[in-house]
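Undergrad: One structure, as structure tokens, below. Some questions next.
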Amino acid sequence: MNTRQKQREVPKRRASSLATRLFVSATVWVVAILLITGIVLSSVYRTATERAFDRRLNLYLRTLIAEVATPDEPADHQYQSLGEPLFDLPLSGWYWQITREDSEKHEVRASRSLWDKKLPKLEDKGLALTAAGVRQGYVDGPEGQDLRMVERPVDLGTDGKFLVTVAGDATEIFEETRTFDYYLLGTFAALTIGLLLTTIFQVRFGLAPLKRISDAIADIRSGRAERLEGEFPVEIAPLARETNALIDANREIVERSRTHVGNLAHAIKTPLSVIVNEASAHRSDPFAAKVLEQADVMRSQVAHHLERARIAARQTIVGTVTEVTPVIEALGRTMEKIHRGIDIEIAIAALVKFRGERQDLEEMTGNLVDNACKWARGHVVVEVANQPDSGPDRPAALRIIVDDDGPGLSPDERAQVSRRGQRLDESKPGSGLGLSIVIDLAALYGGSLTLGAAPLGGLRAELVLPAA
């Protein structure tokens with residue numbers, strides 16, 4: 001993956017991260033709401049089913065109580081008005097039972113479906129009477145059946161006290177509730193899928209303007225654009241407008257700084273020129289010679305610090321990118337004309353770009369190549385390569401390596417020449433500021449210069465700069 005792709009990927013990851021968080025949050029809320037709603041609806045439906053089942057049982061219960069209260073009917077006609085064949089089917093799950101409780105024998109009459117079995121009492125389970133004077137609940141019936149049962153104590157005075165009980169197979173309740181739950185689950189599953197698809201659609205297209213802004217900012221940082229262009233929704237337009245205003249304000253500040261630096265340069269150079277002219281008129285005077293010497297130092301220092309200020313101001317500009325290949329090739333041709341007899345070999349990787357100003361790249365590489373040509377016996381190699389992004393602490397970088405076949409330097413000498421104005425051989429032309437200027441400029445861009453031994457036998461200068 002090249003540097004440009006890496007730069008564009010950062011805001012994309014941020015946008016996708018926001019989209020992921022929104023989607024996960026929406027999914028959690030949708031699932032939670034539907035789950036709670038499903039539980040509530042299932043509970044309400046079960047309660048409604050039980051209530052309908054209880055009404056049916058209470059109807060049979062009232063009919064039996066009416067039979068108990070009219071004992072004058074012939075025995076063969078008693079308890080025949082329920083109209084439910086299941087009460088006659090053995091162990092059908094539908095039973096009734098009448099127990100006389102004021103008798104020592106506790107006489108019991110029951111439906112034929114009970115055979116010789118008996119129904120338990122809800123009173124023994126601790127269930128209290130309702131406002132209607134009945135007890136109702138679930139019990140285990142004959143053959144392990146789950147029964148829904150209602151019972152009511154009846155006091156007929158001198159005619160006796162009775163406990164009338166009716167039970168029905170609770171499987172009907174459970175099956176009705178289970179069927180409803182299946183339909184509810186299917187409906188809610190389809191609803192969940194629909195809501196999630198709608199959420200995905202909303203997140204994807206709702207965040208599209210933010211993704212456009214992220215891509216546009218990446219283009220500005222990489223130098224492919226200068227402003228956020230295009231139409232944005234009303235909610236996003238203020239962000240784009242303020243971002244463009246910030247970029248414009250940044251450029252204005254930088255331009256103002258450049259103007260001030262230029263004015264300062266002219267303001268200082270004029271008095272220095274006057275001092276130099278006056279001292280030059282009295283060269284034989286030791287004092288004048290000292291003034292000329294110090295004035296020359298002042299000029300070098302002023303030029304150096306003004307250059308630092310100029311680079312520092314330019315570094316605040318967003319999106320300055322320079323093609324490396326034409327700069328290095330033009331520099332090689334120029335140096336071969338200046339240094340006759342020196343062969344300069346250039347090897348440049350494809351699509352190499354420097355995140356900075358062209359003149360700064362020319363100044364840094366020009367100092368390195370010029371220094372190599374001064375000391376080379378006949379061969380200089382300039383190699384340019386990309387250093388891939390290997391993590392937050394090691395972003396993508398541009399490596400410029402300049403090797404010569406000269407005498408080279410020892411470690412102590414390499415440390416010495418890196419200092420400002422230090423020269424090891426006065427026979428070579430120059431001020432001794434070249435390498436220190438390169439170090440300062442590289443540091444302002446967040447880069448570095450390293451000196452070492454070259455495979456050709458001379459000095460290797462490795463310049464690392466931010467890549468675009």
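Each value in this text was obtained by applying a stated rule to the coordinates, not by laboratory testing. No experiment lies behind these values; they were computed from the predicted model shown. We place every Cβ from the backbone using ideal geometry, glycine too, and count neighbours over all the protein chains shown.
Undergrad: Relative contact order of segment 161-309, please, whole-number percent, based on alpha carbon pairs below 8 angstrom and at least 6 residues apart.
TA: Numbers: 44 pairs, mean separation 17.7, N = 149.
RCO, segment 161-309: 12 percent.
Undergrad: With Cβ to Cβ distances under 13 Å as the rule, what net charge do the other residues near residue 53 carry (K, R +1; D, E -1)? Show your work: numbers first, answer last.
TA: Numbers: positive: 46, 51, 55, 56, 148; negative: 50, 54, 146, 169, 172, 175, 176.
That works out to -2.
Undergrad: Sorted by mean Cβ packing within 10 Å, highest first, what order do the peptides 82-88, 326-332 take?
TA: Values: 82-88: 14.3, 326-332: 16.6.
Averaged packing, sorted descending, gives the order 326-332, 82-88.
Undergrad: Find, among the trypsin sites (Lys or Arg not before Pro) in segment 186-284, those assigned to loop by DSSP (not H, G, I, E, B) with at most 16 other beta-carbon atoms within 10 angstrom. Mind dumping the intermediate values first?
TA: Values: sites: 204, 211, 212, 221, 224, 227, 241, 251, 256, 258, 269, 283; in loops: 224, 227, 283.
When the trypsin sites (Lys or Arg not before Pro) of segment 186-284 are filtered for loop state and at most 16 Cβ neighbours within 10 Å, 224, 227, 283 remain.
Undergrad: Please compute the contact order of segment 241-303 in relative form: average sequence separation of alpha-carbon pairs under 8 Å and at least six residues apart, divided by the residue count, as a percent. Show your work: numbers first, answer last.
TA: On the way: 20 pairs, mean separation 16.6, N = 63.
With pairs under 8 Å counted, the relative contact order is 26 percent.
Undergrad: Residue by residue, what Karplus-based ³J(HN,Hα) values in Hz, rounded to whole numbers, does segment 52-60 have, using 6.51, -1.76 and 1.60 with θ = phi - 60° and x for Gly and Pro?
TA: Per-residue couplings from phi come out as 5, 5, 5, 4, 5, 5, 5, 4, 5 Hz.
Undergrad: Another question, if that's okay. Go through 394-405, 185-196 and give me the packing order, highest mean Cβ count within 10 Å leading. Before the final figure, lay out the partial values.
TA: Details: 394-405: 21.0, 185-196: 13.2.
Order by mean packing, descending: 394-405, 185-196.
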